[in-house]
Amino acid sequence: MLANLLLMILKSQVKRKWAFSNMVSVIRQHLMSYIDARSFFENPEKAWQELIEEQKARQNGITDQYSLFPQWEGACF
């Protein structure tokens, strides 16, 4: 029930129209991914591209990979 309530709140805040069942499916598939849900549902193509670029930067060693507490960005509502 709490998950449904949170998804309804997210749905009301997003400008792009989504069917509730589609939102649930996307959340279920990306449950273990670290993405900003609000920006993803606003513009999925842009959010996905940013995530891919961030992962490429990490693989190329651009980010500080030896940090004890890496900064996590994205999943804040």
**Request:** Report ³J(HN,Hα) in whole Hz for each residue of region 21-31, in order, from the Karplus equation J = 6.51 cos²θ - 1.76 cosθ + 1.60 where θ = phi - 60°; Gly and Pro get x.
**Result:** 5, 5, 5, 4, 5, 5, 4, 4, 6, 10, 4
**Prompt:** Is region 1-49 rounded, prolate or oblate when judged by the Cα gyration tensor, a ≥ b ≥ c being the square roots of its eigenvalues, rounded requiring a/c under 1.5 and prolate requiring a/b larger than b/c?
**Reply:** oblate
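Any read-out appearing in this document is the output of simple, stated calculations on the displayed coordinates, not a laboratory observation. Keep in mind it's a predicted model, so treat the numbers as computed, not measured.
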